[in-house]
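For reference, the structure is listed below as structure tokens.
The values are calculated or read from the model by the stated rules, or taken from the named source; none is laboratory data. Note that the structure is predicted; figures quoted are calculated from it, not measured. With ideal geometry, Cβ positions are generated from the backbone for all residues, glycine too; neighbour counts draw on all protein chains shown.
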Amino acid sequence: MKIMLITKFEQAFYKIQKAHNILFITHQRPDGDAISSTCLMIELAKHLKKQFVAFCSDKLNDNNFSFLPNVENITDNINSNIFKNFDLIIALDCGNLKRTGMAEKLKNKELNQFIIEFDHHPKVDNYSDLEIRLPEASSTTEVLYNLLKINNIKITKNIANCVLTGILTDTSNFLHQNTSEKAINIASEMLMYGARMPQIIKNTLYNKNLPDIKLLSKALDDLTINKKYNFAFSILTLKDIHKANVTDDIYNAITGFLSNLHGVKAILLLREEKNKVRGSLRSVYPGVDVSKLANLLGGGGHAKASGFVMENCGIKKIENKWSIISN
Ligand SMILES: [Mn+2]
């Protein structure tokens with residue numbers, strides 16, 4: 001690791017040690033890495049006896065990550081008045097400013113707090129004072145692993161579970177291309193520190209209910225391949241989704257499963273929400289960067305997994321062809 005980067009991790013820990021009251025922020029519609037990196041930092045804040053608030057603008061699904069330590073400390077409700085009390089803000093896994101759910105506050109630097117960003121997404125916005133971005137890292141928890149190691153912070157069983165959960169969920173259990181030798185080495189080190197891989201897998205993979213699986217079957221039913229671009233896509237309308245009482249997590253599982261389709265360059269899952277359409281792009285094909293398309297459509301993400309949202313529109317079948325129509 002370059003000396004510059006080591007210095008940044010040391011600076012970050014220095015700032016954390018100096019802080020009295022820290023605000024942790026993770027991204028909207030949090031995934032396993034977002035939640036586990038936040039839980040990890042809460043664990044550290046508690047250990048250092050810091051005051052803190054951990055914020056995610058979307059309410060966490062009750063059951064999904066309750067096995068992680070400190071998940072009960074993450075709130076979707078933060079009073080504007082207490083904002084001035086924070087002397088340090090730490091953004092985790094956010095990708096871009098918009099996904100913090102607090103873009104205006106952070107961009108305008110209303111109260112001049114020092115902002116540290118830990119992330120592994122490609123850079124989009126410039127808003128932090130100390131940016132620690134490792135696009136080659138499998139997960140944000142892998143980035144935080146470096147923070148722990150460089151600063152000789154003890155890795156407890158709780159912390160090990162957080163690091164491993166981020167790596168497993170963001171690599172889809174070592175299936176995605178971001179599964180590096182380093183990620184596997186860190187994962188195995190976390191097992192030595194007491195992380196419980198079977199428990200993590202049980203809670204993040206073997207956690208689908210019947211409506212989830214039925215929605216998957218709907219997406220499979222409508223799966224279409226565009227031969228010209230060698231591109232597969234499927235559609236879930238508001239009606240399909242309303243019929244099922246599914247967990248949010250299922251969409252990742254569906255796009256993951258569709259990516260198993262042999263020979264296509266990329267897949268797209270479009271799903272209709274109230275007055276908007278959300279797209280998820282995945283690819284396992286060498287050389288394909290789906291984030292370019294996501295960026296064109298106002299979204300972002302990684303080369304092999306990215307997404308976008310189109311506002312004020314819906315999906316309709318017109319003359320046997322799916323169309324996105326503005327409302
Ligand atoms: Mn992540």
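Looking at (1) under 15 Å from the mean Cα position of the chain (by Cα); (2) over 25 Å from Pro135 (Cβ atoms), which is the only condition Asn96 fails?
Of everything listed in (1) under 15 Å from the mean Cα position of the chain (by Cα); (2) over 25 Å from Pro135 (Cβ atoms), Asn96 misses just condition (2).
Across the stretch 102-124, what is the number of residues that are away from the ligand (no atom under 16 Å from the Cβ), assigned to a loop (DSSP other than H, G, I, E, B) and of a type outside the set (S, T, N, Q)?
4
Condition (residue is more than 21 Å from His121 (Cβ to Cβ) and assigned to a loop (DSSP other than H, G, I, E, B)) applied to the stretch 292-300: is it met by at least one residue?
no
Quick one: in the stretch 194-206, which of the residues that are modelled with pLDDT under 95 and buried (at least 17 other Cβ atoms within 10 Å of the Cβ) is nearest to Asn320 (Cα to Cα)?
By that ranking, first place goes to Thr204.
Can you pull out the residues in the stretch 14-46 that are surrounded by fewer than 19 Cβ atoms within 10 Å (Cβ to Cβ) and either within 14 Å of the ligand (Cβ to nearest atom) or over 20 Å from Gly101 (Cβ atoms) (or both)?
Hits for the stretch 14-46 are Tyr14, Lys15, Gln17, Lys18, His20, Gln28, Arg29, Lys46.
Name the single residue, out of those in the stretch 47-69 being farther than 21 Å from Ile155 by Cα and touching a residue at least 60 places away in the same chain (Cβ under 8 Å), that is surrounded by the most Cβ atoms within 10 Å (Cβ to Cβ).
The extreme case among them is Asn64.
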